[in-house]
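Shown next, in structure tokens, is the structure this report addresses.
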Amino acid sequence: MGRAFEYRKARKLKRWGNMSRTFTRIGKEITIAAKAGGPDPDTNPRLRALVQNAKAANMPKDTVERAIKKATEKDASDYKEITYEGYGPFGIAIFVEAATDNNTRTVANVRSYFNKHGGSLGTQGSLTFLFDHKCVFKIKPKEGIGLDDLELELIDYGVDELGHDEDEEGNEEIVLYGTFESYSSIQKYLEDNDFEIISSEFVRIPNDLKDVTPEQRESLNKLLEKLEDDEDVQNVFHNMREEDEDEE
């Protein structure tokens with residue numbers, strides 16, 4: 001397995017530690033998708049995928065419906081998806097994805113976190129070369145179709161890595177990695193061929209991981225936790241080598 005799976009292995013235990021935080025994050029994504037492409041999941045592929053994500057996260061149905069309805073309300077918050085890029089202490093690159101209705105507030109908060117923890121916020125696009133932007137699908141295995149056959153089929157749709165994994169309950173699943181741009185074509189192929197999509201997301205995979213000492217890791221984790229705790233922040237990616245990777 002390649003770099004994407006090694007990265008996933010490192011991140012697997014770094015889930016959102018708080019269920020309400022997870023629901024807030026997915027809820028914002030649902031509202032944004034419903035506002036952009038309409039409130040009907042049957043005609044809005046991105047919204048359909050996010051509803052699947054909500055189901056996988058055990059998000060209550062009424063919470064999902066409220067998030068969709070919010071997109072059509074006149075006084076609804078107009079969320080914008082924005083990225084912030086910077087360096088933490090010890091030269092670790094950090095990529096922050098946010099969904100905010102007040103960029104002035106969010107950028108001030110993000111900058112203050114970097115500054116207070118020995119880092120600095122950079123300009124947009126300054127770290128793009130350090131991360132590969134990927135889409136990730138988790139699907140249920142289909143009887144009679146092996147990984148090799150699936151890979152041959154999907155390579156033309158933008159999938160560049162796939163493999164077996166397990167969910168938290170030990171159920172087998174297949175994880176597909178593709179280019180960011182190929183998300184729609186992969187989703188369409190999976191749906192047209194009756195694969196059950198468990199969830200899908202976008203990730204930024206670092207091209208090069210940097211080693212840090214335990215003391216440096218502790219300092220960096222304080223900054224990362226501060227960023228992840230911000231209500232406007234959706235995802236945080238970095239190029240610090242994780243502890244379980246050190247042990248490999």
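The values are calculated or read from the model by the stated rules, or taken from the named source; none is laboratory data. Source: prediction; values computed, not measured. Ideal geometry is used to build each Cβ from the backbone, glycine not excepted, and the neighbour counts take in all protein chains shown. The accessibility values were calculated without ligands, DNA or RNA, using every heavy atom of the protein model including side chains. Shrake-Rupley method; radii C 1.70, N 1.55, O 1.52, S 1.80 Å.
Worth a mention:
- Scope segment 119-147; condition of a type in the set (Val, Ile, Thr) and assigned to a strand (DSSP E or B); matching residues: Val136, Ile139
- All of Leu176, Leu154, Leu150, Leu190 fail the test of being open to solvent by less than 40 Å² (accessible area, probe 1.4 Å), more than 30 Å from Pro89 (Cα to Cα), of a type outside the set (Phe, Trp, Tyr) and not in a helix (DSSP H, G or I), apart from Leu176.
- Residue check for Ala36: at pLDDT 70 or above, part of a helix (DSSP H, G or I), surrounded by fewer than 18 Cβ atoms within 10 Å (Cβ to Cβ) and of a type in the set (A, V, I, L, M): yes
- Which listed residue is modelled with pLDDT of 95 or more and in contact with an Asp or Glu (Cβ under 7 Å, 6 or more places away or on another chain), from Thr106, Thr43: Thr106
- Filtered residues of segment 129-160 (kept if free of Cβ contacts under 8 Å to residues at least 24 places away in the same chain and β-branched (Val, Ile, Thr)): Ile145, Ile155
- Entry remark, segment 91-132: residues being open to solvent by less than 50 Å² (accessible area, probe 1.4 Å), touching a helix residue (DSSP H, G or I) at 6+ places or on another chain (Cβ under 6 Å) and of a type in the set (S, T, N, Q) number 1 in total.
- Every pair of residues 6+ apart whose Cβ atoms lie under 8 Å, when the first sits in segment 189-204 and is over 19 Å from Glu166 (Cβ atoms) while the second is part of a loop (DSSP other than H, G, I, E, B) and not hydrophobic (A, V, I, L, M, F, W, C): Asp194/Lys142
- Residues located in segment 123-177, provided they are closer than 19 Å to Asn207 by Cα and of a type in the set (Phe, Trp, Tyr): Phe129, Phe131, Tyr177
- Scan segment 39-73 for residues that are under 21 Å from Ile197 (Cβ atoms) and open to solvent by 30 Å² or more (accessible area, probe 1.4 Å) and the total you get is 17.
- Boolean, Lys80 is open to solvent by 80 Å² or more (accessible area, probe 1.4 Å), closer than 20 Å to His133 by Cβ and either in contact with a Pro (Cβ under 9 Å, 6 or more places away or on another chain) or basic (Lys, Arg) (or both): yes
- Pair list, Cβ under 6 Å, 6 or more apart: segment 104-121 residue closer than 12 Å to Asp232 by Cα, other residue at pLDDT below 95 and part of a helix (DSSP H, G or I): none
- Of everything in segment 210-232 that is out of contact with any strand residue (DSSP E or B) (no Cβ under 7 Å at 6 or more places or on another chain) and assigned to a loop (DSSP other than H, G, I, E, B), the residue that is least open to solvent (accessible area, probe 1.4 Å) is Asp230.
- Lone unmet requirement of (1) in a helix (DSSP H, G or I); (2) closer than 24 Å to Glu97 by Cβ; (3) open to solvent by 20 Å² or more (accessible area, probe 1.4 Å) for Glu201: (1)
- On inspection, Lys226 passes the criterion of being under 26 Å from Asn53 (Cα atoms) and basic (Lys, Arg).
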